[in-house]
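The values are calculated or read from the model by the stated rules, or taken from the named source; none is laboratory data. Small disclaimer: the values here were computed from a predicted structure and weren't measured. Note: ideal-geometry Cβ built from the backbone for every residue, glycine included; neighbour counts use all protein chains shown. For the accessible areas, the whole protein counts, side chains as well, though only heavy atoms, and no ligand, DNA or RNA atoms are used. Shrake-Rupley method; radii C 1.70, N 1.55, O 1.52, S 1.80 Å.
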Amino acid sequence: MFKVGLTGGIGSGKTAASDHFARLGAAVIDTDLISRELVEPGQAALADIVGHFGSGILDPAGHLDRAQLRERVFGDPAERRILEGILHPRIRATMLARAEQASAPYALLVIPLLIETGQQALVDRVLLIDVPEDIQRSRVAARDGQRLDQVERILAAQTDRATRQREADDTICNDSGLEQLQAAVEAMHRKYLQLAGQRGR
Ligand code: ATP
């Protein structure tokens, strides 16, 4: 299966872009969704998380308290690495299995931290949804009502724009309207159909 890894910073438009790729017929595999599924009650990853972080990391109904977990690992690299060790191999395996099972011309893997986690080699192309930081700030604030200092904290923790641009094979600049974004997605989709077809021959 020809695999495209779609990445970009917070609020860059990954969901808006991947929704359109899905409408066009790409098999969209969202690693955020997979990571949520993997920590549902009864899943082995949740048992491992409770084993390390304690049962206080669950809410009264037995679901993972994601906000608390985020706080626990945010400023603590050692704890973060332990959490990543529990989740990342499972996310990766599930994502690749779903890509291979998909019946579509190609698979689009949405991996927000693709570059930060060095997963470039897992995909045939890295597609970056690129926006200037001031647009990220205003779109995230409008979407989530998040306080600006929270957005700043997330922006500071993510890799910088220049590094993302350097690592990407393809870039869609999402600094204008949704119609322009969709047109750019359509052009990229045509390119991926062609590349996937060439590889299949
Ligand atoms: P996150 O990293 O937080 O998951 P994301 O990269 O998936 O975010 P989206 O949720 O797709 O980003 O976009 C962020 C917000 O900006 C959404 O409210 C979306 O509707 C809006 N948005 C995205 N692209 C555009 C655009 N070209 N014009 C106007 N609004 C946009």
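Some notes on this structure:
- Qualifying residue in the stretch 179-190 (condition: β-branched (Val, Ile, Thr) and in contact with a strand residue (DSSP E or B) (Cβ under 9 Å, 6 or more places away or on another chain)): yes
- The residue list ARG166, ARG147, ARG161, ARG125 contains one member that is open to solvent by 60 Å² or more (accessible area, probe 1.4 Å) and touching a residue at least 24 places away in the same chain (Cβ under 8 Å), which is ARG161.
- Among (1) of a type outside the set (A, V, I, L, M); (2) at pLDDT below 95; (3) within 18 Å of the chain's Cα centre (by Cα) - the single one GLY62 does not satisfy: (3)
- Checking each residue in the stretch 89-117 for being under 13 Å from the mean Cα position of the chain (by Cα) and part of a loop (DSSP other than H, G, I, E, B) picks out ILE111, PRO112, LEU113, LEU114, ILE115, GLU116, THR117.
- In the stretch 7-38, of all residues being farther than 16 Å from ALA99 by Cα and away from the ligand (no atom under 12 Å from the Cβ), the one that is least open to solvent (accessible area, probe 1.4 Å) corresponds to LEU38.
- Of the residues making up the stretch 128-144, just one is in contact (Cβ under 8 Å) with a residue 40 or more places away in the chain, open to solvent by 20 Å² or more (accessible area, probe 1.4 Å) and among the hydrophobic types (A, V, I, L, M, F, W, C), namely ILE135.
- Single residue of SER176, SER103 found to be exposed (fewer than 13 other Cβ atoms within 10 Å of the Cβ), within 11 Å of the ligand (Cβ to nearest atom) and more than 24 Å from GLY75 (Cα to Cα): SER176
- Residue check, ASP76 over 26 Å from VAL126 (Cβ atoms), away from the ligand (no atom under 16 Å from the Cβ) and buried (at least 17 other Cβ atoms within 10 Å of the Cβ): no
- Tally of residues being aromatic (Phe, Trp, Tyr) and either open to solvent by 20 Å² or more (accessible area, probe 1.4 Å) or over 15 Å from LEU83 (Cα atoms) (or both) across the stretch 42-69: 0
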